[in-house]
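One structure below.
The values are calculated or read from the model by the stated rules, or taken from the named source; none is laboratory data. Source: prediction; values computed, not measured. Please note: Cβ atoms are built from the backbone with ideal geometry, for glycine as well, and neighbour counts cover all protein chains shown. These accessible areas exclude ligands, DNA and RNA; they are computed on the full protein's heavy atoms, side chains included. Shrake-Rupley method; radii C 1.70, N 1.55, O 1.52, S 1.80 Å.
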Amino acid sequence: MIPAHKSPWFDRIFIRYNEWYLLRRNFHSFTLSGELDSIAANQPAVYIMNHSSWWDGLLIYHAFRHASAGDHYVMMEERQLRRYTFFGKLGAFSIDKSSPGDIRLSLRYAAELLNQGKRVWMFPQGEIRHLEERPLTFRPGIGLLLRQTAGSVPVIPVTLYYGLYQHARLQASLHIGAPVYQDWSRLSARACASQLEELITSQLDQQRAVSLTNDGELPGARDLIRRRSSTDDKYDHYRRIRKR
């Protein structure tokens, strides 16, 4: 497995490139509802999220760099990390799902990060799946990790929903649920995965329903990138001027 090797100087460069060149050019809006730091500052946590797009990693990186004081790490498929090695400088570490031995090494590495008070992100689906695919199917790796950790590490459910509503560019909304505290060692790995699978599915379905009703907006959400004027916005502005 490939461990993370964070680079502060590279992070300072990439955070600007990611926001100003990648996200603002491709997204009309990116909003956050809920709190990434709903736990104590020095407390470890596992963040689990649905995985439906290549953009997921870049969006959560932007979110935790702007809305969290924690030290975050992200589990990433080894094939992709070897292709985009710079993600390792931002806190990504690898997992090779084709190798049981590598899976054990990656989960042990993640458990060590948690025992050091770090925050670890996982995509329990294990691969990119269509946003509307149901049921969400979680691999048992999340359960294997939780059973290795010391004590009751909180799991924070995160859902990310994308849509094209009234604008030409994508709108993305990130919703953070309440931390889940449990003695994970009392459950089997499969039972852990099943319980969290149901939680994320329910949260994502609720977020989808609200988003479709409110043109992608969630109540109380705050902007993580400055909104760009779309063609509709410019046309509406032009119409208002004509009516004066």
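Cβ separations smaller than 8 Å between residues 6+ apart or across chains give the following pairs from segment 1-22 residues that are touching a residue at least 40 places away in the same chain (Cβ under 8 Å) to residues that are part of a loop (DSSP other than H, G, I, E, B): MET1/ASP96; ALA4/GLY91; LYS6/GLY91; GLU19/ILE225. Could you check segment 130-148 and list, in sequence order, the residues that are assigned to a helix (DSSP H, G or I) and either over 25 Å from ASP37 (Cβ atoms) or of a type outside the set (S, T, N, Q) (or both)? Within segment 130-148, GLY141, ILE142, GLY143, LEU144, LEU145, LEU146, ARG147 qualify.
Scanning segment 99-109 for any residue that is under 16 Å from the mean Cα position of the chain (by Cα) and touching a residue at least 40 places away in the same chain (Cβ under 8 Å) turns up nothing.
If you filter segment 192-214 down to residues that are open to solvent by 40 Å² or more (accessible area, probe 1.4 Å) and of a type in the set (A, V, I, L, M, F, W, C), you find that the one that is modelled with the lowest pLDDT is LEU212. When PHE10, PHE64 are checked against the criterion of being in contact with a strand residue (DSSP E or B) (Cβ under 6 Å, 6 or more places away or on another chain) and of a type outside the set (Lys, Arg), a single residue qualifies: PHE64.
Under the condition of being under 28 Å from SER211 (Cα atoms), aliphatic (A, V, I, L, M) and over 16 Å from the mean Cα position of the chain (by Cα), the residues counted in segment 110-161 number 0.
Scoring GLU127 on the criteria (1) assigned to a helix (DSSP H, G or I); (2) in contact with a Lys or Arg (Cβ under 9 Å, 6 or more places away or on another chain); (3) not polar (S, T, N, Q) leaves a single failure, condition (1).
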